[in-house]
Amino acid sequence: MPWHFAAEQNQAAAEHAANAAAQAWREQARRAGPEGRASAKPGTRRAQPNLKARSRKADRVKRQSKSQRTAAEFIPPGASLDEVRRAAAGCKACDLWKLGTQTVFGEGARHAKVMFIGEQPGDKEDLAGKPFVGPAGAVLDKALAAAGISREDIYVTNAVKHFKWEPRGKRRIHKKPNALEVAACRPWLDREIELTQPEVVVVMGATAAQALLGRQFKVTQQRGRLLDSNLAPHVIATVHPSSILRAPDDETRHAEMASFIDDLRVVARAMKQRTRRAA
Ligand code: URA
Ligand code: SF4
């Protein structure tokens, strides 16, 4: 896939500044202790960064060519889905591991019929270590229920498995992952697809769509249709649920939710079709 390296390099300086600011925020949050931050659910992991060791590691990662590393080197050959998930917890293929609390791997049944692919974990997902548990996840759950798709039949994951963000006051604001980060993380997604073998893949939002269906893909023009792709027997693109939350007013939000549910009904029909054929 022809990534635009020049453009990425131009972004590098800005990204470096954002990373430094984010690091400062984390240090401040660390000093403030657990009360200073939103609490994670009991039993979930929270990184306890040893900052000196981290920065030594970070230097090492930087020295190894930044743009050419991918997650492939972290994936043990012949690994099961659980083994791949465990390996992903230690991924340092791009710099985002320094920004996120933990790797947020996909979740769902081993042989889920449908895989939903988003962009990257958000603030809540980063803390919980699970995909789509925050506001975008609530929108997704509501639309799934309306379209008659059971949570048990789906596997949810993201194109990028670490939360990329920048500080704004006390909040961590989502920042779109760049093409190099998406490319670095891709081997995890490819392995998830290979190991779960979904009958339907649902790509949500431009980041996932462009990563999986090509840079020219336009979700607005091609949403809700069965697409020709070798990712799975049926592939459908739709908007990202968080775009619905960003709608400027109630009327727009309701209309966008209705269109999202319509797209998920196409998914529900594709699931049934395949089941009939297989029966
Ligand atoms: N947005 C995503 O793309 N993925 C999540 O897991 C949460 C929000
Ligand atoms: Fe690895 Fe993906 Fe995290 Fe980058 S974002 S460190 S490639 S898991």
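Values quoted throughout were computed directly from the atomic coordinates according to the rules given, and no laboratory measurement underlies them. Note that this is a predicted model, so its numbers are computed, not measured. We place every Cβ from the backbone using ideal geometry, glycine too, and count neighbours over all the protein chains shown.
Numbers at a glance
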{"quantity": "Ranked packing of 222-228, 237-243, 84-90, most packed first, by mean Cβ within 10 Å", "calculated": "237-243, 84-90, 222-228"}
{"quantity": "Additional length obtainable on full extension of the chain from Arg171 to Ala145, 0.36 nm per residue less Cα span", "calculated": "6.3 nm"}
{"quantity": "The stretch 63-278: Cα Rg divided by the 2.2 N^0.38 Å rule of thumb", "calculated": "0.98"}
{"quantity": "Euclidean distance between Cα centres, the stretch 97-113 to the stretch 128-161, Å", "calculated": "12"}
